[in-house]
1. Highest mean first, how do 179-191, 219-231 rank when packing is the count of other Cβ atoms within 10 Å averaged over residues?
2. Taking the Cα centre as origin and putting +1 on Lys and Arg beta-carbons and -1 on Asp and Glu beta-carbons, what dipole magnitude results for the stretch 133-275, to the nearest 20 debye?
3. Quick check on the stretch 213-257: take the gyration tensor over C-alpha atoms, sort the square-rooted eigenvalues as a ≥ b ≥ c, and tell me if it's rounded (a/c under 1.5), prolate or oblate.
4. Determine the gain in length on full extension of the stretch Ala258-Ala34; use 0.36 nm per residue of separation and subtract their C-alpha separation, reporting nm with one decimal.
5. If you take every residue apart from Asn100 with its C-beta less than 14 Å away from the C-beta of Asn100, what net charge results, scoring Lys and Arg +1 and Asp and Glu -1?
6. Would you kindly calculate the translational diffusion coefficient of the stretch 1-125, applying Stokes-Einstein with the Kirkwood radius from alpha carbon pairs, for 10 °C and a viscosity of 1.306 mPa s, and quote it in µm² s⁻¹ without decimals?
7. Assuming a ≥ b ≥ c are the square roots of the Cα gyration tensor eigenvalues, decide whether the stretch 149-269 counts as rounded (a/c under 1.5), prolate (otherwise, with a/b larger than b/c) or oblate.
8. Please list the non-local residues whose amide H lies under 5 Å from the amide H of Leu273, H modeled 1.01 Å from N, same-chain partners needing a gap of 5 or more.
Amino acid sequence: MGVKFYYIYKSLAHPENNGYVTPFTLQERLMHVADARKKLGSRFNWLCDTMANDAKHILGDAPNSEFLVGPDGKFIKVRRWSNPAELRSDLESLVGRVENPTTIADIGMKRLEPPQTAPKGLVPRLKLPGRMTSLKVQPSTDAVLSLLPLLDNGVDALPLYVKLRAEVDPQYFQTGAGKLYLGFFLDPLYQVHWNNQVAPIAYEIEPPEGVEITPLQGRGPDVEAKADADPREFLLEISGTSLEPIRLAVNYFACDDAETFCKPVTQHYLVTLERDRDGGSRRSGGRPPGEFAARSGRDAASRPGQLRASGDLLLEAVDTDGDGILSTEELAHVAASLLKLDTNRDGKLTPDELVSEPSRPDGEPGGRPGGGFRGRPGPFGRTINGGRPNPAEMLARMDANGDGKISKSELPPQMLQRWSRMDANNDGFIDSQELKELAERFRSFNGGGNRGNRATNNPSREGQRSRSPRNE
């Protein structure tokens, strides 16, 4: 049967990289897919996630994960971060070696820069106080209506030429006061630029009750050049919290690079004072030329094995939301997070607790959801006979304060949505008996837990890889 490969488009891990900004519609995501297909020159099929990021959440929220899926739909290998060398090794063990393996050099991939007419680098980028946290942003009702294919009078509707990105500094979530970043980015999909011969971009904010923002109005800089494509950025003061969103209106002139139109546009956005766990993080300036194609050929196996395994384990333990970045909130709980790796509960982390187990093609212990990434224990701990999670180790790994039960604060964030099913007696804790029942259900769900051995009996496998357009 052979092997089939797929890319999965998920939310952008690093908006701005390689000419992509965060899309607000499924149509824009599909436009990204078409653009990435052209840039990569790959014949792999693409699967596009929903705007609710359902696939991303179900598959573990990692930005560059990788999966091997058997023809029966069961996971054979799960990796939090794509590793070409390990993937090739897995495929060789499952379907055999190929006589002439393809290398990155054989493909001859070339970086294709996004088309650009207006210059960049004319407006200095804003210096931020530190790493910022993205907030949830969505077009308001007025803007959503403008996305319909045709207006009532038959005139083409206007797309969102400019995308808003809102962020706050980590201090805001700790003290209720801090800096609010607003960035307005021209979307390269629509090939437009700022016309500096007309009024600059201007915004107006309507904060909810209990929230103060200064200033409430702002306008972009006056630029001598006739046109440019730099972001328009603003740093504001914010204090107070609310469950209601911030309402923002922005006015600007959208002018296309082909110089066929230049028209005034008004857009409305809603900004929720809640961390957007699918918002990614910006890396201003993008990547150096050539890295777009070279990244897929980077061989992580060239690094020292034990150091790589230790680093991956430590990062996975501390990076509780799985975005590949350690936030201030996560750093504040480093000690409690690292205790989850202390499997023998002696208060120390030894080398054997920091080195991943060898990855085996039969899926034990890591070739399946719940068994961890890269063959190391997942949130359920090591498994018994490659199938049923070990309740004792589950309790030991998650019980940070050693009281013999697991509270919500000790549970990995990705498991909180299952809390009501795990806390069977609704006492606010998960005890050893409930963990045992959970392990039994997990074993039953996986068909008795012997999936790994079945995987080796049939060498014909289909592979599935999960990728965003190269923006990580």
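Taken together, the values in this text are just the output of simple stated rules run on the coordinates, not laboratory data. Since we're looking at a predicted model, the values are computed, not measured. Here the Cβ is made from the backbone with ideal geometry for all residues, glycine too, and neighbour counts use every protein chain on show.
1. Values: 179-191: 20.8, 219-231: 15.9.
Sorting 179-191, 219-231 by mean packing, highest first, produces 179-191, 219-231.
2. 180 debye
3. Numbers: a/c = 3.40, a/b = 2.16, b/c = 1.57.
Prolate is the answer for the stretch 213-257, as a/c is 1.5 or above and a/b outweighs b/c.
4. Length gained between Ala258 and Ala34: 78.5 nm.
5. Summing Lys/Arg as +1 and Asp/Glu as -1 gives -1.
6. Estimated diffusion coefficient is 93 µm²/s.
7. Prolate, since a/c reaches 1.5 and a/b exceeds b/c.
8. Under 5 Å from the amide H of Leu273: Ile246.
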